[in-house]
Amino acid sequence: METMIKNYKLEDWSRRWVDRETAFHVPGVNHILQNFFDQVRGDTVFVPLCGKTLDMLWLAQQSCTVVGVDGVETPVQEFFAENNLDYSVRQLNDDVKIYEAKDVDITIFICDLFASKPELFGMQFDLIWDRGSFVAINVDERAKYTCLLSNLLAPEGKWFLVTVDYDDKILGEPPRTVSEEDMRQFAPLNFTKVYSDLTKAYNPKVEQMIENAYVITK
């Protein structure tokens, strides 16, 4: 049975964290990141809609400078608490709060994802690790999002994107499906598929998903 596709707002994600509807959160380090990191390695890494992913800690352990962004503060607080990380918090302005680890090179900005700019972070990034962001945003925001990340990517940088492909009308909510045709709309960016396999679905209503990974460059 098909369900109407619902556009998500920040309060929807906040509610899911409060209600623990967080099947999208992977409790370990992502195996695709680990397996392909040597191919996409960079000194500076941006993690959009980072939540409390352990990928950030793993990347920092690879001597990367890691910058995350999320609009929901709860998982960010949990990230530092659950990993026993000392940190500082400062309010940059009315719209941006910054969590900064003291002993590892991880900084997380609490703000609107679309406020992400090189000027805010003081850099462009060698690598953008995107496992749960592109599949979370609303479909009508994809062009805006692609432009946003293109501006954050250093000239020789790589956007490492993980997507899922399935009939998302079954759920009517994220993760959004991303087809090969969707990927071809990335122009003028270039992409190469480096991984494809069946993966466990986020929701029992879905029998299976195909997980794909792409390396995207300018």
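The accessible surface of the range 79-218, taken with every protein chain in place and a 1.4 Å probe, is 46 percent carbon and sulfur. Here the Karplus curve 6.51 cos²θ - 1.76 cosθ + 1.60, taken at θ = phi - 60°, turns the phi angles of the range 141-158 into couplings of 9, 5, 5, 4, 5, 4, 5, 4, 6, 4, 5, 7, 7, 4, x, 9, x, 10 Hz, with x standing for Gly and Pro.
Contour minus end-to-end for residue 41 and residue 182, with contour as 0.36 nm per residue of separation and end-to-end as the Cα-Cα distance?
Computed gain between residue 41 and residue 182 is 48.2 nm.
Here the Karplus curve 6.51 cos²θ - 1.76 cosθ + 1.60, taken at θ = phi - 60°, turns the phi angles of the range 166-182 into couplings of 6, 7, 6, 5, 5, 8, x, 8, x, x, 6, 6, 10, 8, 4, 5, 4 Hz, with x standing for Gly and Pro.
For the chain, averaging the sequence separation of C-alpha pairs within contact (under 8 Å, six or more residues apart) and dividing by the residue count gives a relative contact order of 20 percent. Across the range 90-105, coupling constants 3J(HN,Hα) worked out from phi with the 6.51/-1.76/1.60 Karplus curve, θ = phi - 60°, read 9, 8, 5, 7, 4, 10, 9, 10, 10, 9, 10, 5, 8, 10, 10, 8 Hz, and Gly and Pro carry x.
Largest first, the residues 37, 191 sort by 1.4 Å accessible area into 191, 37.
Given a 1.4 Å probe and the protein chains as shown, residue 150 ends up with an accessible area of around 30 Å².
Which of rounded, prolate, oblate describes the range 129-210, given a ≥ b ≥ c as roots of the alpha-carbon gyration tensor eigenvalues and a/c under 1.5 marking rounded, otherwise prolate only if a/b is larger than b/c?
Prolate, since a/c reaches 1.5 and a/b exceeds b/c.
Only Lys, Arg, Asp and Glu carry charge here, each on its Cβ (+1 for the first two, -1 for the last two); on that basis the range 74-187 has a dipole of about 180 debye about its Cα centre.
Which part of the range 46-72 falls in the paramagnetic zone of residue 141, meaning amide N under 12 Å from the point 7 Å along Cα-to-beta-carbon? Answer for the range 46-72: 49-50, 70-72. Give me the base-10 log of I(q)/I(0) for the range 36-141 at each q in 0.23 Å⁻¹, Debye formula, one uniform scatterer per Cα, rounded to two decimals. Reported log10 I(q)/I(0), two decimals: -1.41. Of the residues 57, 149, the one with the largest accessible area comes first in the ranking 57, 149, computed with a 1.4 Å probe on protein heavy atoms. Once the Cα-Cα distance is subtracted from the 0.36 nm per residue extended length, the residue 207 to residue 15 segment shows a gain of 66.6 nm. Ignoring aspartates and glutamates fewer than eight residues from residue 117 along the same chain, the ones with Cα atoms less than 19 angstrom from its Cα are 43, 70, 94, 95, 100, 126, 130, 141, 156.
The values are calculated or read from the model by the stated rules, or taken from the named source; none is laboratory data. Because the structure is predicted, anything quoted here is derived from the model rather than measured. Cβ: placed from backbone, ideal geometry, glycine included. Neighbour counts: every protein chain shown. Surface accessibility is based on the protein's heavy atoms, side chains included, excluding ligands, DNA and RNA. Shrake-Rupley method; radii C 1.70, N 1.55, O 1.52, S 1.80 Å.
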